[in-house]
Amino acid sequence: MKSKGYSAINIGGLAIGMAVAILIGLWIYDELSFNKYHKNYDRIAQVMIKYNFNGQLGSSFSLPRPLEQELRNKYGRYFKHIVMSRWNEGHILSVNNKKISQTGRFMQEGVPEMLSLKMLGGSWNGLKDPHSIILSSSAAKSLFGDEDPMNQMMRIDNQMDVKVTGIYEDLPHNTEFNDIKFISSWDLLIANKKWMQEAAAQWGNSSFLMYVQLQPNTTDETASAIIKNAMHDKVDADDKKFNQQVFLNPMNKWHLYSEWKDGVNTGGRIQYVWLFSIIGAFVLLLACINFMNLSTARSEKRAKEVGIRKAVGSMRSQLIKQFLSESLIVTFIAFILAIVLVALSLPWFNGLADKQMSIIWSNPYFWVISLAFIILTGFIAGSYPALYLSSFNPVKVLKGTFRAGRFATLPRKVLVVLQYTVSVALIIGTIIVYKQIQHAKDRPVGYSRDGLLMIHIKSPDLREKFDVISAELKNNGIAIATSGASGPVTAVWSKNSGFEWRNKDANKVDGFSTIWITHDYGRTIGWQFKEGRDFSPAFASDSVSNKSDPNLARNIIINEAAAKYMELKNPIGEIIKWDDFKFTIVGVAKDMVMESPFNPVRQAIYLVNYDEANDYMNIRINPKMSVSDALVKTEAIFKKLVPSVPFDYQFADTEYGLKFAAEERIGKLASVFATLAILISCLGLFGLASFVAEKRTKEIGVRKVLGASVYNLWKMLSKDFVILVIISCLIATPVASYYLHQWLQKYEYRTEISWWIFPVVIAGALFITIVTVSMQAIKAAIANPVKSLRTE
């Protein structure tokens, strides 16, 4: 209470540091507990394959359907459950006149037990009936309100009738399956999809996912070794050259170890867990450094107290206990304030980190860890002051001959350098992360995203009215072009091999993204051509179904990556063969970034086929009409023409922006922590500058009487701090440069670490330092020298 300024800096700085450490701790806890909601977490795995593609190893989640029976028949004793699945897909769920769009999956009947779903109605056997569906509690509430949904009839995509046989608790945010709002019967999907029926014997059609639950006496490694060659003798002779090997990827690695390169797991988010653990420790350390610095800086004021205590019999151990107990009290007060800060900032932090975290008040481990946290922080923060202050010689102190010594300030200087080294490194890291994101965002995408609307065609009702809706949109001036495609502009849903072309290397295994489109696709998305022409209805050979006579002429368009991959110097007019069909290249489109903006564009082939281009509808909004008006009018047309289908849409630019979400989130978190690190460092500098100015009050008064200017006094008081910050910058620059260079290597399309970043950051750090120190330096420099000389 006597030293309110120092107390506020001490407690406030420590509270901010502890709040950051708690928030990061909650984030790490959420990451490490990912998927642990499922009781069989350590026995669930996803089946994957490794393959050799032109000498380069790769891995994939996509599997052929026949592999299921192969595993059941030959290796079934190693698995408690084998579950085939489709991907997460949007579907229309309807009850009477109520229709909603929900994300769900078609999966085999063992999945409720495998994922240990908490059933609020029905049982784990709910999917045994082929015409069944189990709903999440939120989906059931949206569809049925307060009515009991069990055994009620409903429809999926206006074509499949199902009965509700189970209601399960919504899965938490930190699970792989958190966005699944319903699960329906795998057999139902097969019965309604002819291509899936045909896929039962197609080892070359990898369009499915597979999950397994291991028997208690089996490990992932053992099972992987046993099923390794399950596909080898089944695939065609042409596919044997891929040398496909089956293996299991355990659930406990799905989230934190999700990155694969050359068929080997290379980590993933675990790198960020380690990074933020280090950042949290350093930010807390910065706050502790402030405490130590300010405590030791004020040591001379407490020297007499220590001397008297020692003179009347206090032992050094008692003094150490006294100073440590003071430190613990301050730490406890800071912890209470930190909890308040965490509670207030958690909703904002959850939004920033895309989490649904909360302070786990009821968990006894939280309080045990918190108590250990207070004690550890208190000891770290108070250890140096306690040992330093308790070492004073009472005779010298009481005689007034005590001087801190020439090197007494050295530890404080080292700590200040450490503080600013961490802060500057964090700032440099934040800039590089944002620069990498911006580099990818500035990359030419090969088409126009502005005003491009994408609608997933989930129902046959919408598919049948495609042409009518297109005509209505154009006639009302809402759209200038519409088209169909086999997938969204922002993703590739189909990849194929087996293509042949002139002078193809016999040892080269091909693989192309294949996109089926309608004639107006290019005009709708605004793609650009390097050479050749776009598709046109004027050319009959532009649109021939793959099922037509193989002798008929048919045309295709390839992208730049494909022309380069096939080593075609003059691709226009070249012939490509694919499954007995011949295609003539009529155009080379500029590369379109449809997948990761951080990776090279994959070679792609575009084919006009109205039978296949029916999964997505693209709409180019009339630029003369506002987007809001266009959406209102488009929704009205949909309600009029296809009342059975909810109007769900995506903007291409929004979907493309989601590709940067993970990097942007890390960048924002890093910038927040860097800002707080700088704030804590500035608090420490402000406190030290205040103490130095106070300690040198008489000296400043003498210098002013002898003619020193305000500028001279300001320079004298600021010089030492500026030198320390420059040293920090010189240490932080090479360290940050090295580790950021390593981080950038994981991106094939990456930015460079520009030289200008370092002088800008150094200049910024110096500016912040000078402003912080100047507040106290100028105040001391302009003080009345008469008062300064009377301080004693």
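The values are calculated or read from the model by the stated rules, or taken from the named source; none is laboratory data. Please read all numbers here as calculations on a predicted model, not as lab measurements. So basically every Cβ, Gly included, is an ideal-geometry build from the backbone, and we count neighbours across all protein chains shown. Areas reflect the complete protein model, heavy atoms only, side chains present, ligands, DNA and RNA absent. Shrake-Rupley method; radii C 1.70, N 1.55, O 1.52, S 1.80 Å.
General observations
- Among the residues making up the range 158-192, those that are open to solvent by less than 10 Å² (accessible area, probe 1.4 Å) and part of a loop (DSSP other than H, G, I, E, B) are 175, 177, 180.
- Residue check, residue 726 assigned to a helix (DSSP H, G or I), within 29 Å of residue 427 (Cα to Cα) and β-branched (Val, Ile, Thr): yes
- Residue list for the range 750-781, restricted to those being outside any helix (DSSP H, G or I) and either closer than 12 Å to residue 686 by Cα or touching a helix residue (DSSP H, G or I) at 6+ places or on another chain (Cβ under 9 Å) (or both): 750, 751, 752, 753, 754
- Qualifying residue in the range 224-240 (condition: in contact (Cβ under 8 Å) with a residue 60 or more places away in the chain and within 25 Å of the chain's Cα centre (by Cα)): no
- Of the residues making up the range 447-463, those that are in contact with a Gly (Cβ under 9 Å, 6 or more places away or on another chain) and open to solvent by less than 30 Å² (accessible area, probe 1.4 Å) are 447, 452, 457.
- Selection from the range 693-710 of residues that are of a type outside the set (D, E, K, R) and either open to solvent by less than 20 Å² (accessible area, probe 1.4 Å) or touching a residue at least 60 places away in the same chain (Cβ under 8 Å) (or both): 693, 697, 700, 701, 702, 705, 710
- The set of residues in the range 499-515 being part of a strand (DSSP E or B) and within 31 Å of the chain's Cα centre (by Cα) consists of 512, 513, 514, 515.
- Strands (runs of 3 or more DSSP E) completely within the range 552-651 that count 2 or more residues being open to solvent by less than 50 Å² (accessible area, probe 1.4 Å) and over 24 Å from residue 451 (Cβ atoms): 555-559, 575-578, 581-589, 604-608
- In summary, helices (runs of 4 or more DSSP H) completely within the range 400-477 and bearing 1 or more residues that are at pLDDT below 90 occur at 410-441, 460-464.
- Criterion: at pLDDT 90 or above, out of contact with any Asp or Glu (no Cβ under 7 Å at 6 or more places or on another chain) and hydroxyl-bearing (Ser, Thr, Tyr) - qualifying residue of 317, 327, 345: 345
- Hey, residue 302 modelled with pLDDT of 80 or more and among the charged types (D, E, K, R) or not: no
- Scan of the range 652-682 for residues that are over 21 Å from the mean Cα position of the chain (by Cα) and either under 19 Å from residue 472 (Cβ atoms) or open to solvent by less than 60 Å² (accessible area, probe 1.4 Å) (or both), ordered by number: 676, 677, 678, 680, 681, 682
- With respect to the conditions (1) open to solvent by less than 20 Å² (accessible area, probe 1.4 Å); (2) not in a strand (DSSP E or B), residue 249 lacks only one, and its number is (2).
- Every residue from the range 323-335 that is free of Cβ contacts under 8 Å to residues at least 60 places away in the same chain and not small (Gly, Ala, Ser): 326, 328, 329, 332
- Among the candidates 665, 620, residue that is among the basic types (Lys, Arg) and more than 21 Å from residue 484 (Cβ to Cβ): 665
- Screening 120, 135 for residues that are over 20 Å from residue 189 (Cβ atoms), free of Cβ contacts under 8 Å to residues at least 60 places away in the same chain, touching a strand residue (DSSP E or B) at 6+ places or on another chain (Cβ under 7 Å) and in a strand (DSSP E or B) leaves exactly one candidate, 120.
- Some residue of the range 195-218 being touching a strand residue (DSSP E or B) at 6+ places or on another chain (Cβ under 8 Å), within 26 Å of residue 99 (Cα to Cα), hydrophobic (A, V, I, L, M, F, W, C) and open to solvent by 10 Å² or more (accessible area, probe 1.4 Å): no
- Considering (1) open to solvent by less than 60 Å² (accessible area, probe 1.4 Å); (2) more than 30 Å from residue 176 (Cα to Cα); (3) polar (S, T, N, Q), the lone condition that residue 393 does not fulfil carries the number (1).
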